[in-house]
Amino acid sequence: MTESYRFLLYNIRYGTGTGWKFHTPLPFSGYMRKSSQVFFEIADFVKSFSPDIVGLIEVDGGSVRADRVNQAEKLASDLGHYFVFENKYEKPILTRFTPILRRQGNALLVKKAILNQKYHYFEWGTKRLIIEIELENVVLFLVHLSVNFRNRQKQLIQLSRLINSIQKPVVVAGDFNVFLGQRELGRFLAATNLKSANTFNMMTYPSGRPRWELDFIFYRDRIQAHGVHVPSVRLSDHLLLICDFSITG
C-alpha cells in the first residue's frame, strides 16, 4: 500500500511582508505593521497548491498585529485541515509574556487525523520549540533553529535523539538557519539517516535574491520524495518549499 502527500513548508514572517519598506522608518519596524492583507495573500497562494501537510514557521497566533486572528487556525479552517500551534519561546523567557512576541509561534496543518502531538523544547537558544505530530503512517517534526552557530549545533544533537526514538517513517522540516551551508548538517544527517528532498540545493533566502539554503524538508525510512518545487514569490523574506512524497508499507 502506498500513500501520497504534498508537503508545503513556508516561513511566512508573521504575514508582515518584505522589501525595503520593511525597514522603514526603523530597521525591522515592519514586524510591528498590520499583517492581515499580506497573510490573506499568503493563504490564497498556499491554498492554490492543495497541500496535504503545511509547515508554517513564524506564525502569528492572534496578536493585535494580526487583528486577533490565529493565522494557523484561519488557514487550517480554509483548507479543512487539523492544526497544531504553539508559541516558540519556552517559559520563563521574557518574550513568552511580551505583547505580540507571546503570540509568535510555529504550526503544522494536516489533512489527516492527528493521532498524537507533543511539544518539545530545546535546552539552548531563544527559539526552542519542536513540534512533533504522529499520523497513521508517519511522524512529523517542525523546527526553527537558532541563528547562533553553537546553539544550533547543540539543538541538532538534541533533535537527532528525538528523531532516532521514532519507529515510524519520519519527516523533519523547518528553518534551520544554516548560513554556513549544508556542511553544518553533516553529522546530523549521518546520525539520523535523513535525506534532503531538495536534491538540487535550491536556495530559499532571501526571497528577492536567494543566496542561502535555510529551509529544509528531510525524510527517511519507507518514504520516497518526488522532487521539490521552490516558487518565486515575495510574500515573505523566505521562499517556500513544496515536496510531493509517498510512503509505502
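The values are calculated or read from the model by the stated rules, or taken from the named source; none is laboratory data. Because the structure is a prediction, the values reported are computed rather than measured. Neighbour counts run over all protein chains shown; Cβ positions are idealised from the backbone, glycine included. When the accessible area is computed, the model is the full protein with side chains, heavy atoms only, and any ligands, DNA or RNA have been set aside. Shrake-Rupley method; radii C 1.70, N 1.55, O 1.52, S 1.80 Å.
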Can you spot a residue in the stretch 200-210 that is touching a residue at least 24 places away in the same chain (Cβ under 8 Å), closer than 23 Å to V54 by Cα and surrounded by fewer than 14 Cβ atoms within 10 Å (Cβ to Cβ)? yes
Of residues in the stretch 119-135 being more than 17 Å from V54 (Cα to Cα) and of a type in the set (D, E, K, R), the one least open to solvent (accessible area, probe 1.4 Å): K127
Any residue at all in the stretch 219-226 that is in contact with a Ser or Thr (Cβ under 9 Å, 6 or more places away or on another chain), modelled with pLDDT of 95 or more and farther than 24 Å from G249 by Cβ? no
For the stretch 44-72, the count of residues that are of a type in the set (S, T, N, Q), within 18 Å of the chain's Cα centre (by Cα) and closer than 26 Å to S4 by Cβ equals 1
What are the residue pairs meeting all of these: first residue in the stretch 186-198, first residue under 26 Å from L239 (Cβ atoms) and charged (D, E, K, R), second residue open to solvent by 10 Å² or more (accessible area, probe 1.4 Å) and not in a loop (DSSP other than H, G, I, E, B), Cβ atoms under 9 Å, and 6 or more apart or on different chains? K195/L189; K195/Y219; K195/R220; K195/I223; K195/A225
Out of all the residues in the stretch 182-213, which are within 18 Å of the chain's Cα centre (by Cα), in a loop (DSSP other than H, G, I, E, B) and closer than 27 Å to V139 by Cβ? L194, A197, N198, N201, M202, T204, E213
Please work out if F179 is out of contact with any helix residue (DSSP H, G or I) (no Cβ under 6 Å at 6 or more places or on another chain), more than 19 Å from V228 (Cβ to Cβ) and touching a residue at least 12 places away in the same chain (Cβ under 8 Å). yes
When the stretch 214-247 is checked residue by residue, the ones that are open to solvent by 60 Å² or more (accessible area, probe 1.4 Å) and assigned to a strand (DSSP E or B) are Q224, H226, H229
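Condition first: part of a strand (DSSP E or B), of a type in the set (D, E) and over 24 Å from S236 (Cβ atoms). Now tell me which residues in the stretch 133-181 satisfy that.
Selection gives E134 alone.
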